Each structure stands twice: as structure tokens, then as C-alpha cells.
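What follows is a set of notes on a single structure, which appears directly below.
The values are calculated or read from the model by the stated rules, or taken from the named source; none is laboratory data. Here the structure is a predicted model, which is why all the values come from computation and not from measurement. Don't worry about glycine lacking a Cβ; one is built from the backbone with ideal geometry, like all the others, and counts go over all protein chains shown.
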Amino acid sequence: MPAHVQPLKVYFGVFLALMAFTALTVSAAFVNLGPANTFVALGIAAAKATLVILYFMHVKGNTKLVPVVILSGLFFLFLLFLFLAADYGTRGWLGVPGR
Amino acid sequence: MASDAHGTPLGADAAEHGHGAGLAHHFDSYEQQKDSATLGMWTFLVTEILFFGGLFAAYGVYRSLYPEAFRASSHTLSIQLGTFNTVVLIASSLTMALAVRGGQTGKGKLAAALLVLTLILGSVFLVVKGFEYHEKFVEHHVPGASFHFEGPDALHAQLFFSLYFLMTGLHALHMVIGIVLVAYVAKRAWGGAYTPENHNFLEGTGLYWHFVDLVWIFLFPLLYLIGRH
């Protein structure tokens, strides 16, 4: 068997973890955490995404170039969110309509 | 018989250079060929991440501007159907991952069966999505001239539903493409096209399918689970 084949228990373990996270995110939505609700939901989604990427998409144990490509893409996504937040977050600071 | 640019039959060419079937001439080894295919697929997926990222950014802006409209609109979506579809899609990712493993271990028939299971689960997802869309049309929650919304800030509730249809619609389009790919790969896998050395097309299709799952993992809480407390 080639070295890069993951044991079956890894796949089923990841699946069970994803199911548990799904149950957790639905339950957490019904608890009032204030503004933290959104961040809890996004944190759980990010954890689920990381599991899928590392184990289902075989990024763990693959060539190191793959995470470089993914992270460079995520960096540009971060820039998009950052500058949008800087723009919309500071509108109205000057007290001039439309600025 | 197929031949290369110099008119040499590919089979003879392979024998001369000592590389086996399924290894393209311009690669030194199966490993290099696989790494190239994986890297190429991920480069494409990164463009897809940025493509959907623009929609998530629009969602973020409008949700921060009109939180009440988004909260009220989100409440009209069925949390049961959304959760059911999340489970179905994650299960389809599992069967897809196991199908790729079947390709890695040379079990083509098992891979084909798991791929058929994957496309059945994918179809279930789309059918449920269809029922959800139907309900939105019946309730006049589709943005446009006949839009009607009882909750607060009906004008900006249209923004939520526009983003809802755009994001889930684009996601569903990716699923349709994925299902066609999976059907094709299942047929090839059944015919024994994938070997432990070269199952790159199967692996690439798997990456695409998991990406579609990833998008849903973020769509589900952002569309269905806002302000439920």
C-alpha cells in the first residue's frame, strides 16, 4: 500500500467530528452570546473547513507547495475583508454626509 | 494507435523511455505528475475561493448595515432543512473521500459504487434545495416586483434574499457541475481507468466536490443561523 493512503479510521473520525461540529453550531445558535454568536459560528465553520482541507482533501502529507498556494489565496481574501471593514467601519467619522 | 507529435506510437515511446502507461511524457515520475495535478487543481480552487469570497464580503457589508433585516429574513429559512442538507453534504464528502481512497488502493469497482452514492447524496441535497426555493416563491420572498415581507425593514430584507439566492444558487450550480463530473468519473472508475499510480482525475474531482462542501459549511451558519436566540 502506498505511503500516502490514510487509514479508514481517519476518514470516519473526521466525519464524526464534522457531525459533532454541525450539532454544536446549531445548538450554539440558540444560546444568546451577544455579538459573539457570529464569531462562534464562524470559528466552528473554520474548524470544520480545516478538517475537510487537511484530511479529506489530503493537504496534510502532500507537497508543501499546496498550503502555500491556499494561504496566499486566503491572504488576498483577508485583504478584501480588511479594506472593506476599514471603509465601511469609518464612514461617518468626518460628520460629512456621504464621506 | 495513438501517436505523439513525431509520429511515434505512444506505446512504443513509453517502452523506449521506460515509463509506464498513464505517465505523460513531460513528467519524470508519477509523483511529479500527481503533485502537478494537485497544485493545478488547488490554484483553480483558490480562484473559486476568491470568487465566492466577493459574495461573502458583500454579505458582511450588508449584514453590518442592516442587522435587523438580516435577522428577520434568516428566520424565514427552515433550520431543519438546512441542517438536514448540511448532514447530507458532509456525508457525500465522506463517500467521495472514500472513493478517492478506493482509487489510491486500486479498487475501481468500490470507487465507482462510492461515487454513485456521492452523486445520489448530492442529488438529495439539490432536491431539498428545490423544495426550499419553491417555498420562497410561494411566500413571495423572492426579490423583485412581487416581493412581500411582513418583518421589519422589508426593503433591506430583499438584500438578504438576493444574497441568499445568489450564494445558494451559485453553490447549487457548482453541485450540478460536480454531479456531472462524478458521474463521468464513476463510469471511468468502473472501467478500471484509475490505478494507484495515476488516479489524478478522480482525485481532482474529489477536491472540487470537497470545495463545494466547504462553501456550504460557511453558507449554512451565515444564512440559516442568524439571531435564533
message: Filter segment B:30-48 down to the residues that are within 7 Å of chain A (Cβ to nearest Cβ), under 20 Å from the mean Cα position of the chain (by Cα) and without any contact (Cβ under 8 Å) to a residue 24 or more places away in the chain and list them by number.
response: B:39, B:43, B:46
field: Criterion (crowded, with 19+ Cβ neighbours inside 10 Å, part of a helix (DSSP H, G or I) and at the interface with chain A (Cβ under 9 Å from one of its Cβ atoms)) met by exactly one of B:98, B:89
entry: B:98
- prompt: Within segment B:68-89, can you find the residues that are of a type in the set (Gly, Ala, Ser) and more than 19 Å from residue B:215 (Cβ to Cβ)?
  reply: B:69, B:72, B:73, B:78
statement: Checked pairs for segment B:51-69, first at the interface with chain A (Cβ under 10 Å from one of its Cβ atoms), second hydroxyl-bearing (Ser, Thr, Tyr) and part of a helix (DSSP H, G or I), C-beta under 6 Å and 6 or more apart or across chains, list as B:61/A:88
- request: Please give the number of the condition residue A:89 fails out of (1) modelled with pLDDT of 90 or more; (2) of a type outside the set (Asp, Glu); (3) part of a helix (DSSP H, G or I).
  value: (1)
message: Is it the case, given these coordinates, that residue B:82 is over 28 Å from residue A:66 (Cβ atoms), assigned to a helix (DSSP H, G or I) and at the interface with another protein chain (Cβ under 10 Å from one of its Cβ atoms)?
response: yes
statement: Residues in segment B:57-79 that are out of contact with any Phe, Trp or Tyr (no Cβ under 6 Å at 6 or more places or on another chain), aromatic (Phe, Trp, Tyr) and in a helix (DSSP H, G or I) total 2
message: Among the residues of segment B:176-195, are any surrounded by fewer than 21 Cβ atoms within 10 Å (Cβ to Cβ), within 14 Å of chain A (Cβ to nearest Cβ) and part of a loop (DSSP other than H, G, I, E, B)?
response: yes
- line: Over segment A:43-52, the set of residues surrounded by 15 or more Cβ atoms within 10 Å (Cβ to Cβ) and facing chain B (nearest Cβ under 9 Å) is A:44, A:45, A:48, A:49, A:52
message: Among (1) more than 14 Å from every other protein chain (Cβ to nearest Cβ); (2) farther than 22 Å from residue A:52 by Cβ, there is one condition residue B:123 misses while meeting the rest; what is its number?
response: (2)
query: Can you tell me which residues in segment B:201-229 are surrounded by fewer than 21 Cβ atoms within 10 Å (Cβ to Cβ) and at pLDDT below 95?
result: B:227, B:228, B:229
query: Which is basic (Lys, Arg) and either farther than 17 Å from residue B:214 by Cα or in contact (Cβ under 8 Å) with a residue 12 or more places away in the chain (or both), of A:48, A:60?
result: A:48
Odd one out for residue B:222, checked against (1) more than 14 Å from chain A (Cβ to nearest Cβ); (2) in contact with a Leu (Cβ under 9 Å, 6 or more places away or on another chain): (1)
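Listed here are the residues, each with its yes/no results for (1) surrounded by fewer than 16 Cβ atoms within 10 Å (Cβ to Cβ); (2) closer than 30 Å to residue A:7 by Cβ; (3) more than 8 Å from chain B (Cβ to nearest Cβ).
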| position | (1), (2), (3) |
| --- | --- |
| A:21 | no, yes, yes |
| A:26 | no, yes, no |
| A:37 | no, no, no |
| A:62 | no, yes, no |
| A:72 | yes, no, no |
| A:81 | yes, no, no |
